[in-house]
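Reading through the structure tokens given below for one structure.
The values are calculated or read from the model by the stated rules, or taken from the named source; none is laboratory data. If you're wondering where the values come from, they're calculated on a predicted model, not measured in any experiment. Glycine also receives a Cβ, built like all others from the backbone with ideal geometry; neighbour counts cover every protein chain displayed.
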Amino acid sequence: MNKKCTQIIINTDYITLGQFLKFADIIYSGGEAKQFLSENEVYIDGKLDTRRGRKLRGGEKISVLGLNFEIIKK
């Protein structure tokens, strides 16, 4: 398992899971989020989540496609 964690910095209170996937270059457009989430597992703080509107806040950790990310609130 890849232990490296990429930080995703946000300047707002939250970012949705769909926005995160696009921002992290995992998908090309927000319209792809629903299909991507139906075909791939995304874990937020160790729990499976498939809601593209799920609000991600500072400190949360996301694992997807063997990659690890952490949301940082500035």
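Values as computed for the structure displayed
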quantity	calculated
Test: Lys61 is at pLDDT 95 or above and under 19 Å from Lys3 (Cα atoms)	yes
Unique residue being touching a strand residue (DSSP E or B) at 6+ places or on another chain (Cβ under 7 Å) and closer than 17 Å to Ile71 by Cβ when the list is Lys4, Lys47, Lys22	Lys4
Search result, residues across segment 1-51 that are surrounded by 11 or more Cβ atoms within 10 Å (Cβ to Cβ), in a strand (DSSP E or B) and not polar (S, T, N, Q)	Cys5, Ile8, Ile9, Ile10, Ile15, Val42, Tyr43, Ile44
Options Ile71, Ile44: the member that is free of Cβ contacts under 8 Å to residues at least 40 places away in the same chain, under 16 Å from Cys5 (Cβ atoms) and among the aliphatic types (A, V, I, L, M)	Ile44
Tabulated pairs, segment 1-22, first more than 16 Å from Ile44 (Cβ to Cβ), second of a type in the set (A, V, I, L, M, F, W, C) and surrounded by fewer than 17 Cβ atoms within 10 Å (Cβ to Cβ), C-beta under 6 angstrom, 6+ apart or interchain	Ile9/Ile72
